[in-house]
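K.L.:
Got a structure here, written out as structure tokens. Questions coming.
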Amino acid sequence: MKLRTFFIMTVLAGAVLSVHVGAQDQQTPPKAKVYFTRDLSPGGLLKVYNKVNADITGKVAIKWHSGEPKGPNILPIPMVRALQSSIPNSTLVETNTLYPGERQTTEQHRKTLETNGWTFCPVDIMDEEGTTMLPIKRGKHFTEMSMGKNILNYDSMVVLTHFKGHAHGGFGGSIKNIAIGCADGKIGKDMVHGLHGEKVEGNPYPAMKAHLMEHMVESAMATVNHFGKKITFVNVMRNMSVDCDCAGIEAERPKARDVGILASTDIVAVDQACLDLLEKLPEEEKHDLQERISSREGEHQLEYGEEMGLGTRHYELIEVP
């Protein structure tokens, strides 16, 4: 797996952890702030979220992953409930899937929400009533992306992500969460995965590697540009299987230890910081997940994201005790 050269210098709890990225520092923009806590409780989540929520106002969408039925690795209900209940006028949001499963239709999806316990607040399946096209600035592959229509009903978005592997994206961080997760189940997800209406037998997710990563970045750009400053990102590094929560009960058992929770207003920086923290784990814990990422060219999400101005890979990690 190709990772940048960096070092992390720990001072005291609550201190800044400096990240050095080599000789290009003088030519790069200011480093993004990424807040990090090892506290994987609902309280820990709220501590880091409160560092990055200054612009979250009005009607708020919380984009999370509802998971296939009885998925063993999905985010804990108490954690999600604590965040949602702390944000006034907030709603959990999702979209239906492209692949055949228990979330492909709204009816199936609502049954899965009940099975998985997502019943403590309203859930908006954003493509239930149709789609909308959001523009993509300077896209190489797309000029617009098809999204669940109800995304237009919100003033702000909190992207709450279970960081883990992904069968074709390599890893699922904040970029994947909104790139695929806000795209509607029939048109947008088809666009992201490059199918463009082709008839496909079996699994409709081809492993397109770098090409898919660029599609994902441009789709994510549509959502980020739509909300502007009113979007923020939280990644939870726990139960990090090589498989996405889309795999449900078939997901491979995690080998990597739980790490913590990260939050930033920069989507590229928060995903990069997760990869860098993964790199610090013992080889036997990180090997499978890193192999999944490198074999799918997953880090190209961050390379292309930085190239397209979605965010920066240069950051400072600020530990919150």
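The values are calculated or read from the model by the stated rules, or taken from the named source; none is laboratory data. None of these values were measured; they are calculated from a predicted model. A quick note on method: Cβ atoms are made from the backbone with ideal geometry, for glycine too, and the neighbour counts reach across all protein chains shown.
K.L.:
Out of region 38-87, which residues are under 29 Å from Asp243 (Cβ atoms) and free of Cβ contacts under 8 Å to residues at least 40 places away in the same chain?
P.N.:
Ser41, Gly43, Pro76, Pro78, Gln84
K.L.:
Another question about this same structure. Please work out which residue is surrounded by the most Cβ atoms within 10 Å (Cβ to Cβ), limiting yourself to region 40-60 and to residues that are more than 20 Å from Arg257 (Cα to Cα) and among the hydroxyl-bearing types (Ser, Thr, Tyr).
P.N.:
Once the filter is applied, the top-ranked residue is Tyr49.
K.L.:
Got a sec? Which of Lys51, Lys33 is in contact with an Asp or Glu (Cβ under 8 Å, 6 or more places away or on another chain) and either at pLDDT 50 or above or part of a loop (DSSP other than H, G, I, E, B) (or both)? Explain how you work it out, then say what you get.
P.N.:
Working: Lys51 fails: in contact with an Asp or Glu (Cβ under 8 Å, 6 or more places away or on another chain).
It is Lys33.
K.L.:
Criterion first (under 30 Å from Lys140 (Cα atoms) and crowded, with 20+ Cβ neighbours inside 10 Å) does Val236 satisfy it?
P.N.:
Judged against the criteria, Val236 is not a match.
K.L.:
With respect to the numbered conditions (1) modelled with pLDDT of 95 or more; (2) under 18 Å from the mean Cα position of the chain (by Cα), which one is the sole condition not fulfilled by Gly67?
P.N.:
(1)
K.L.:
In the set Leu83, Leu98, which member is buried (at least 17 other Cβ atoms within 10 Å of the Cβ) and either among the hydroxyl-bearing types (Ser, Thr, Tyr) or modelled with pLDDT under 95 (or both)?
P.N.:
Details: Leu83 fails: either among the hydroxyl-bearing types (Ser, Thr, Tyr) or modelled with pLDDT under 95 (or both).
Within the list Leu83, Leu98, the selection yields Leu98.
K.L.:
List the residue pairs whose Cβ atoms are under 6 Å apart, where the first residue sits in region 124-148 and is without any contact (Cβ under 8 Å) to a residue 24 or more places away in the chain, the second is crowded, with 18+ Cβ neighbours inside 10 Å, and the two are 6 or more positions apart or on different chains.
P.N.:
Taking only residues 6 or more apart or on different chains, the pairs are Thr132/Met147; Met133/Ser146; Thr143/Ile136.
K.L.:
Restricted to region 106-139, and to residues that are part of a strand (DSSP E or B) and among the hydroxyl-bearing types (Ser, Thr, Tyr), which residue is surrounded by the fewest Cβ atoms within 10 Å (Cβ to Cβ)? Break it down into steps so the answer makes sense when it comes.
P.N.:
Step one: filter region 106-139 for residues part of a strand (DSSP E or B), giving 123-125, 131-135.
Among the residues that remain, those that are also among the hydroxyl-bearing types (Ser, Thr, Tyr) are: 131-132.
Details: Thr131: 21, Thr132: 18.
This residue is Thr132.
K.L.:
Right, another one. Under the condition of being at pLDDT 95 or above and surrounded by fewer than 23 Cβ atoms within 10 Å (Cβ to Cβ), which residue from region 254-274 is nearest to Asn235 (Cα to Cα)? Give the steps one after another, and end with the answer.
P.N.:
Quick first cut of region 254-274, residues at pLDDT 95 or above only: 255-274.
Restricting the remaining residues to those that are surrounded by fewer than 23 Cβ atoms within 10 Å (Cβ to Cβ) gives 255, 257-260, 265.
Details: Lys255: 18, Arg257: 15, Asp258: 12, Val259: 11, Gly260: 9, Thr265: 11 Å.
Among those residues, the one meeting the criterion is Gly260.
Residue by residue, here is whether (1) surrounded by fewer than 22 Cβ atoms within 10 Å (Cβ to Cβ); (2) at pLDDT 95 or above; (3) touching a His at 6+ places or on another chain (Cβ under 7 Å) holds:
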residue: Leu160; (1), (2), (3): no, yes, no
residue: Phe163; (1), (2), (3): no, yes, no
residue: Gly170; (1), (2), (3): no, no, no
residue: Asp190; (1), (2), (3): yes, no, yes
residue: Gly197; (1), (2), (3): yes, no, no
residue: Asn203; (1), (2), (3): yes, no, no
residue: Lys209; (1), (2), (3): yes, no, no
residue: Ala220; (1), (2), (3): no, yes, no
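K.L.:
Moving on to the next point. Picking from Ala210, Ala222, Ala251, Ala269, which residue would you name as being over 24 Å from Arg38 (Cα atoms) and in contact with a Gly (Cβ under 7 Å, 6 or more places away or on another chain)? If you could, list the steps in order and put the result at the bottom.
P.N.:
On the way: Ala210 fails: in contact with a Gly (Cβ under 7 Å, 6 or more places away or on another chain); Ala222 fails: in contact with a Gly (Cβ under 7 Å, 6 or more places away or on another chain); Ala269 fails: over 24 Å from Arg38 (Cα atoms).
Going through Ala210, Ala222, Ala251, Ala269 in turn, the sole match is Ala251.
K.L.:
Can you pull out every residue in region 216-233 that is within 13 Å of Val159 (Cα to Cα), part of a helix (DSSP H, G or I) and not aliphatic (A, V, I, L, M)?
P.N.:
Thr223, Phe227
K.L.:
Test Phe233 against the criterion of being within 14 Å of the chain's Cα centre (by Cα) and either among the small types (Gly, Ala, Ser) or closer than 27 Å to Lys51 by Cα (or both), and give yes or no. Talk me through it step by step, then tell me what you get.
P.N.:
Details: within 14 Å of the chain's Cα centre (by Cα): yes; either among the small types (Gly, Ala, Ser) or closer than 27 Å to Lys51 by Cα (or both): yes.
Against the criterion (within 14 Å of the chain's Cα centre (by Cα) and either among the small types (Gly, Ala, Ser) or closer than 27 Å to Lys51 by Cα (or both)), Phe233 qualifies.
K.L.:
Ok, one more. Tell me which residues, restricted to region 263-321, are touching a strand residue (DSSP E or B) at 6+ places or on another chain (Cβ under 6 Å) and part of a loop (DSSP other than H, G, I, E, B). Step through it out loud before you land on a result.
P.N.:
Keep residues of region 263-321 that are touching a strand residue (DSSP E or B) at 6+ places or on another chain (Cβ under 6 Å), which gives 263-267, 269-270, 273-274, 289, 292-293, 296, 298, 312, 315-320.
Within region 263-321, Thr265, Asp266, Arg296, Gly298, Thr312, Val320 meet the criteria.
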